[in-house]
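The values are calculated or read from the model by the stated rules, or taken from the named source; none is laboratory data. Note that the structure is predicted; figures quoted are calculated from it, not measured. Please note: Cβ atoms are built from the backbone with ideal geometry, for glycine as well, and neighbour counts cover all protein chains shown. Side chains are part of the model used for accessible areas, which takes the heavy atoms of the whole protein and leaves out ligands, DNA and RNA. Shrake-Rupley method; radii C 1.70, N 1.55, O 1.52, S 1.80 Å.
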Amino acid sequence: MGPLPLSSVAHAVANYVLRRPLCLSFELTHNCNARCHHCHRGETVVERRATPERLLEVCRELRPLVAIMSGGEPLLYPGLPDLVRLLKAGCAPLRVFLNTNAALLTRPRYDELVDAGVDEVLISLDYPDERHDDFRAIPGLFGRIQALVGTLPPRERQRVLLTTVLHAENFREALPIARLALDWGVNANFSAYTPLRTGDRRLMIAGEDVAGFREVVEELIAFKKEHGNVPTSDWVMRNMVQFYANGGRLGRCRAGRRMAVVNPDGTLSPCGLHVRDYATHAALKREFTARNDCSECYTSTRGNSERPLRNLVLDHVNHLRRRAEG
């Protein structure tokens, strides 16, 4: 989750105290045009889609601080700009993020979505060069992302956040990705790989690599303090180290309370890794969250939504201050 305006901090505090989700991820479709090595999505899925009015109803019930348009690949969802407008107008105050691989994100589509109300564009990036194409199985993808960013004026680039899942094969690219983001005038966010999607533990950072990952994280934190374009919380990044040091476990997840997922059909899941079909948030919390003992992921959504209240407020205030000074 990227930086929030100061006006949104009060909303975040209220949701934190009242135990409403800080983040609601609308998985608009489970279909995707990529075949990423670290993800189980990509195969064609026949699915039932909820009406936009149903999605608005869920948003109004849960009153999240942030609504992420996600998937699968959300740009495959027809009428996406209209849905963004509906949520922004009917579920205010709300910040809307788009989480995309950007293969279908042309400059006209970008402008249309921003005009509709998208506050932040999260673009997945696994490597700071063409290796990204192979990892996503989309030829030319890195070049397309670079070209798109190059068309944006400097101020507009602050809306863009490169998002990287760090794993055994790419964690040493974290600092080069942060530098690339700085060169492009955009932000960079980091999270940890989980084998819950694919069952493949080969991408887990383990053994002697954990010490190397710890060094990378401290380098990232120092880079962040100097340049201000990495909104990932220090607290979250250091917990990522602990997650890998513990063999891919970290405490008891609060999925369903601090975060939740809206499935394509409008039902609710606690997260994208435990797909369920709860009709209401109350049922989700009663039947899943109260009994949940899963600790096997540390995604960006989990890490950011589980920050202590003090970190939640100070992280955003300090990030905005550093960007203003820069």
For region 76-90, what are the residues that are open to solvent by 10 Å² or more (accessible area, probe 1.4 Å) and either touching a strand residue (DSSP E or B) at 6+ places or on another chain (Cβ under 8 Å) or under 15 Å from Val262 (Cα atoms) (or both)? Tyr77, Lys88
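Every residue, every condition in (1) open to solvent by less than 60 Å² (accessible area, probe 1.4 Å); (2) β-branched (Val, Ile, Thr); (3) over 18 Å from Leu98 (Cα atoms), yes or no:
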position: Gly150; (1), (2), (3): yes, no, yes
position: Leu161; (1), (2), (3): yes, no, no
position: Val165; (1), (2), (3): yes, yes, no
position: Leu175; (1), (2), (3): yes, no, yes
position: Ala192; (1), (2), (3): yes, no, yes
position: Asp200; (1), (2), (3): yes, no, yes
position: Ile205; (1), (2), (3): yes, yes, yes
Residue list for region 56-74, restricted to those being under 16 Å from Arg302 (Cα atoms) and part of a strand (DSSP E or B): Val66, Ala67, Ile68, Ser70
So which of Asn239, Asn229 ends up being within 18 Å of the chain's Cα centre (by Cα) and open to solvent by less than 10 Å² (accessible area, probe 1.4 Å)? Asn229
Pro108: in a loop (DSSP other than H, G, I, E, B), farther than 28 Å from Ala211 by Cα and open to solvent by 50 Å² or more (accessible area, probe 1.4 Å), yes or no? no
Hits in region 40-59 (condition: within 16 Å of Gly272 (Cβ to Cβ), surrounded by fewer than 17 Cβ atoms within 10 Å (Cβ to Cβ) and modelled with pLDDT of 95 or more): Glu47
Selection from region 118-156 of residues that are in contact with a Cys (Cβ under 9 Å, 6 or more places away or on another chain) and aromatic (Phe, Trp, Tyr): Phe135
Residue list for region 256-280, restricted to those being in contact with a Leu (Cβ under 6 Å, 6 or more places away or on another chain), open to solvent by 10 Å² or more (accessible area, probe 1.4 Å) and either in a strand (DSSP E or B) or small (Gly, Ala, Ser) (or both): Tyr278
